[in-house]
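Trainee: Just dropping this structure here.
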Amino acid sequence: MSTPMSASAFLEALRNCRDGYPELPGPLCHGVIAKDGRIHLIGYGRTNHAGLGDDDVLRAVVAEKRLPPDNEANTDGNRHFYGFECENLGDGKDPWPDAQLEAVEKAAAAVCRHHGWTSRSVIGHKEWQPGKVDPRGFTMESMRTRIHDRLK
């Protein structure tokens, strides 16, 4: 079982999310969700977190319909979506502690509640763009069910 990254490594990851890097300026997300469930707010407005994705997926999210396959990368998602990065290796083996999954659920539900959206407005990177593979280790359908239940 892996352990959360060291405090100094986590602070460096937060700085990277805030500041970006030469090829991609920050902020790289709106928030970072740690394994212990803490949510660190990083940016506001447009952030560089989603990149190019499928316009059919965007239309489905806006209409809160079932997602089609993400088979193109033709639309800038950064201006349309909130983005949260999560402390995880992304290898499908690194665990997702209950506190972290609950924080993902609560953050997404809070955004949905604020805008009057349903859980169908919540997607994962891998549902947006063919080149993205995260999250691994839980399904977005199971997370949407949790968010749906929280919004009741």
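Trainee: Taking the chain as a Gaussian network, Cα atoms linked when under 10 Å apart, which of 92, 124, 43 shows the biggest mean-square fluctuation?
Mentor: 92
Trainee: Something else now. For the chain, what is the percent of antiparallel DSSP beta bridges, rounded to the nearest 5?
Mentor: Details: 7 of 10 bridges.
The antiparallel fraction comes to roughly 70 percent.
Trainee: Please build a GNM for the chain, connecting alpha carbons under 10 Å apart, and tell me which residue among 118, 47, 139 fluctuates the most.
Mentor: Result for the chain, Cα springs under 10 Å: 139 fluctuates most.
Trainee: Quick check: at a probe of 1.4 Å, how many percent of the accessible area of the chain sits on carbon and sulfur atoms? Each step should come with its number before you reach the end.
Mentor: On the way: 4720 of 8660 Å².
Of the solvent-accessible surface of the chain, carbon and sulfur hold 55 percent.
Trainee: Relative contact order of the chain, please, whole-number percent, based on alpha carbon pairs below 8 angstrom and at least 6 residues apart. Each step should come with its number before you reach the end.
Mentor: Values: 242 pairs, mean separation 34.7, N = 152.
For the chain, the relative contact order is 23 percent.
Trainee: Same structure again: Within the chain, what's the longest run with no GluC sites (Glu not before Pro) in a DSSP loop and at most 16 other beta-carbon atoms within 10 Å? Give the range, please. Mind dumping the intermediate values first?
Mentor: Working: sites that count: 23, 64, 72.
Result, exposed sites excluded: 73-152.
Trainee: Here is a further query. If you compute log10 I(q)/I(0) by the Debye sum over Cα atoms at q = 0.09, 0.16, 0.17, 0.20 Å⁻¹ for the structure shown, which of (1) -0.34, -0.86, -0.95, -1.21; (2) -0.40, -0.92, -0.98, -1.17; (3) -0.27, -0.91, -1.04, -1.45 do you land on?
Mentor: Correct label, based on the coordinates given: (3).
Trainee: Accessible area per residue for the chain in Å², computed with a 1.4 Å probe and the full protein assembly in place, what is it?
Mentor: Value returned for the chain: 57 Å² of accessible area per residue.
Trainee: If you build a Gaussian network model of the chain, linking Cα atoms that sit under 10 Å apart, which residue out of 126, 65, 106 swings the most?
Mentor: Its mean-square fluctuation being the largest, the pick is 65.
Trainee: Using the structure shown, select from 65/106; 132/152; 35/65; 93/152 the pairs with a Cα to Cα distance greater than 28 angstrom. Walk me through the numbers before you get to the answer.
Mentor: On the way: 65/106 22 Å; 132/152 31 Å; 35/65 31 Å; 93/152 32 Å.
Cα-Cα > 28 Å for 132/152; 35/65; 93/152; rest within.
Trainee: Place +1 on the Cβ of every Lys and Arg and -1 on the Cβ of every Asp and Glu in the chain, take the dipole about the Cα centre, and give the residue among 34, 11, 118 whose Cα lies farthest towards its positive end.
Mentor: 118
Trainee: Once you place label points 7 Å from the Cα toward the Cβ at residue 91 and residue 6, how far apart are they in nm?
Mentor: Between residue 91 and residue 6, the simple spin-label model gives 1.8 nm.
The values are calculated or read from the model by the stated rules, or taken from the named source; none is laboratory data. Keep in mind the model is a prediction, meaning the values are calculated, not measured. Here the Cβ is made from the backbone with ideal geometry for all residues, glycine too, and neighbour counts use every protein chain on show. Quick note on the areas: whole protein, heavy atoms, side chains included, nothing else; ligands and nucleic acids left out. Shrake-Rupley method; radii C 1.70, N 1.55, O 1.52, S 1.80 Å.
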